[in-house]
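Written out below as structure tokens is the structure these notes cover.
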Amino acid sequence: MGTGTAFEESGQERALRGSVGLPEDKTSFVGREREVDRIKRLLADARLLTLTGPGGIGKTRLAIEGARRSSRRFVGGIYFVELAGLRDPELLLATIGGAFGIGELDGASAIEALGERLGSSETLFVLDNFEHLLNARQAVSDLLAASPTLRVAVTSRTPLHLAGEQEYAVAPLELADPERPTTLNELGAIESVALFVERTRAVRPDFAVTESSVQAIAAICRRLDGLPLAIELAAARTKVLSVEALLHRLENRLPALALGPADAPERQRTVQATINWSYELLGSAERWTFARLGVFVGGFSLGAATEVLLATAERPAVDVLEPLSHLVDQSLLHVDHEVNGEPRFRMLEPIREFATDRLSGAEVEAMRDHHLAYFVRFAETEQARERGPDQGAWIRRLAADRDNVRAALSRALERHDGELLLRLAGALDRRFWLASGDLDLAENRRWLDAGLAMGAAAPARVRAIALQRLASTHALPSARIFSVLEEGLAEYTRAGDEAGMMEVLSALGSMGIYGGDLATADEHLHSGLALARRIDARPEQLVELLVSLGLLGYRRREDGLGRPQFEEALAVARQAGDALGMAIALGHLGRLALTEGDTARARATLAENVEVARTIGDMEQLGIALCGLASARIASSELDLARPLILEAAHTTRRLNWWYQVRVLDAVAEWLFGAGAVDEAVASLSAADRTRPDTEMNWDPDRVATRNGLVERARKVMHRSAFEAAWGRGQTSSLAAVLERGLTSMEATVARADVKVAPTARGRRDLSPRELEVVALVADGRSDGEIAAELYISKKTASAHVAHIKNKLGVESRVEIAMAAIRLGIAEPLSVERG
């Protein structure tokens, strides 16, 4: 196989691996091969596949395995969306859209924006635990209608009852024949028995199956109706019981413990009974703890469990660690993962529901209130660490409790407690929401708007903080941002909070710069700076002011172009350990050096910017930093070093809002232009220009100037018809499609700076060795498909080479390429005999 094929295949495999967003398996997948094959076929045939069945039957695991084994089909990616912690059906589209960073581009709806972002590649969404969101099922139908290449797999206890839905009822695991003894040779072939043995060996590595015990195992699985959850819970008991003793307990106790609803399927009642059986084996302290831990959604830390349980009046001195350990041993609770070295615990959803059912209605309400109070305190405490030395750890710690935060916000909303809703929503930085998947910050805005509407009587400072947060959720200047900030300034003034006043003045100044009102920006920023000096503002507050003052100086083309302010901001941030402040200041200093033509300083500064952005886990900062460093590398003719930076930026920002996609497109266009692939560069420039809002001229005028400069250079080196064709492609294709094509072209292009062919007397265009091969084959009359076969490359790559060659040679047809090949000495004129 040629090197071209190997490169393409490895690149495709990398793309597939990077786009399959399925949860990592913590245990092996046992049995169900026929079911997985059936699901693969259904995913190929049906647009909407719903896996139905009771809790604990294994719907989620089966859906994940079927999707994983279908990954080659879905070149657009597979996206797993966990819905168990989502309680508001109105947030369904926002949660799904978070996978793509849908913003408010051109006023398009979320459905339309998702449809455009999905493009023409087959993509699969796996929506897990849908049964409590049936009121939102029309959104799934609308989404499928908007994107013909999308397929959706849903796990739910009930079907969605939508047109075109293919229901697949998940059956229990295969059971041993009760009419004849089970042999040791059948262990691996009987799914339920194989699962029990595998999970038993996980807790008892020395467990050996004998001729006598295999009969008990088969009977246990039959007794549990082959339900995976019930089998796994029972297997956990083999740490202290033999399988024979376990069977005896099940046969004697389980019938009396079937606590499911009378009209529920028998298997569902059996799962409930199995969980209840484990519950009955707990001591009183463990039962008390277990029931109350059901208030947590999506897991919890030991500290959170301790505080919430201690807040109850019943047991003020409860010892949490010991009962937690027992619950883990009983498989009613499992250690999910660690965040910053601290373990987190989680209940499977059916178990969590069972736990909550052990409480009375009044007890549930009380626990939800304790839960809300804890997360308000938690968020407000963490707020002080937003700009601390380890901001990456801070984001991870907060984002781990995303579902709990949502549950707490929902509780405050239910109680019509505007103050608590505002306190919690206002304590959460936009980076928390970005890390939680709210990539266009629509959910963030929703909670803040709800709190402000409900909390008119809340303390002025609480409202001011929320207003300040609301302003930061918008990507571009608008009349509403200024109105929100001015209201926030009035609230801070009413509260007598000078530090808050200073922060809002800084924000107003920054927005004034981006909005083009430099005089008003100057007034706000200098008022804020005077206040900051007087009250000895916190370092991160001073950094924000200094950066904005530097940007103001740059926009005004003052002496130093803002460098003194940027450098002071960087020094303050370094001393305080404010990594975000360092990233922002470094980015401005690097771009300033690039503007001044000092590429060496730009490369060094922007390289540090990238490393700092990585440490804080901020996708927005990292994406912009990578693009900035790529521009510096391109300016230094280091195209091979710039290419991986742009590819990483595309991967990092692929789920953010459209503005970041445009920035990556600009970087792609710069690279392609530098590599000689001018036609693809023009398409990228065209799409970026089409997508920009009216305010972008003020938002980033230097970026627009760079873009316009490249457009003018392209006009000078391309034939008019070729330029118009490339420009038209960028105007009519979706942003995602143009970006994907540009990235593909980048990977297929050999940069001119890397390999050059000396111009001959008959030609003045540089062609790479691969392009010389393609030119010779075109001159020989080969089609793109034949060229691909000859050179062991894809037809798409062959076509890209031909398009690049046309631009480099200044021709418009394959005939002209052949004629140019003769001029360049690449091909010989046709002889009479050949003619």
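The values are calculated or read from the model by the stated rules, or taken from the named source; none is laboratory data. Note that the structure is a prediction, hence the values are computed from the model and not measured. Positions of Cβ are backbone-derived with ideal geometry, glycine not excepted, and every protein chain shown enters the neighbour counts. Surface areas here come from the heavy atoms of the whole protein model, side chains and all, with no ligands, DNA or RNA. Shrake-Rupley method; radii C 1.70, N 1.55, O 1.52, S 1.80 Å.
Quick notes on this one:
- The fraction of Cα-Cα pairs per 10 angstrom bin, counted from 0 for the range 472-555, comes to 20, 54, 26, 1 percent, rounded to whole percents.
- Gyration tensor (alpha-carbon) shape descriptor, the chain, a/c threshold 1.5: oblate
- Stretched out straight at 0.36 nm per residue, the stretch from Arg720 to Lys795 would grow longer than its current Cα-Cα span by 24.3 nm.
- Among Gly418, Gly115, Leu62 - extreme Cα towards positive end, dipole of the chain, charges at beta-carbon: Gly115
- Dipole magnitude of the chain, debye to nearest 20 (Cβ charges: Lys/Arg +1, Asp/Glu -1, about Cα centre): 1200
- Compared with the alpha-carbon gap, the fully stretched path from Asn135 to Glu812 is longer by 238.2 nm at 0.36 nm per residue.
- Cα-based helix-to-principal-axis angle, 795-809 vs the chain, degrees rounded to 10: 20
- For Glu414, the accessible surface of its heavy atoms amounts to roughly 100 Å² (probe 1.4 Å, protein chains only, rounded to the nearest 10).
- For the range 565-654, taking Cα atoms only, Rg and Dmax work out to 12.4, 36 Å respectively.
- Oblate is the label for the range 627-727, because a/c, from the alpha-carbon gyration tensor with a ≥ b ≥ c as root eigenvalues, is 1.5 or above and a/b does not exceed b/c.
- Cα gyration tensor shape for the range 567-609, rounded if a/c is under 1.5, else prolate or oblate: prolate
- Projecting the Cα positions of Leu505, Leu570, Phe354 onto the charge dipole of the chain (unit charges on Cβ atoms of Lys, Arg, Asp and Glu, taken about the Cα centre) puts Leu570 furthest along the positive direction.
- Modelled FRET efficiency - R0 35 Å, Glu179 with Glu280, Cβ distances, 0.05 increments: 0.65
- Helix-only CD estimate at 222 nm, as mean residue ellipticity for the chain, using -39500 (n - 2.57) per DSSP H run (n ≥ 4): -20000 deg cm²/dmol
- Cα-based helix-to-principal-axis angle, 479-495 vs the chain, degrees rounded to 10: 60
- The HN-Hα couplings worked out from phi for the range 734-746 by the Karplus form 6.51 cos²θ - 1.76 cosθ + 1.60 (θ = phi - 60°) are 5, 4, 5, 5, 5, 5, 4, 5, x, 5, 4, 5, 4 Hz, whole numbers, x standing for Gly and Pro.
- Bridges between two residues of the chain, per DSSP, are antiparallel at a rate of about 25%.
- The stretch between Glu558 and Glu747 holds 63.9 nm of extra length on full extension. This uses 0.36 nm per residue minus the Cα-Cα distance.
- Tilt relative to the chain, helix 579-595 - C-alpha long axis, 0 to 90 degrees, to 10: 20
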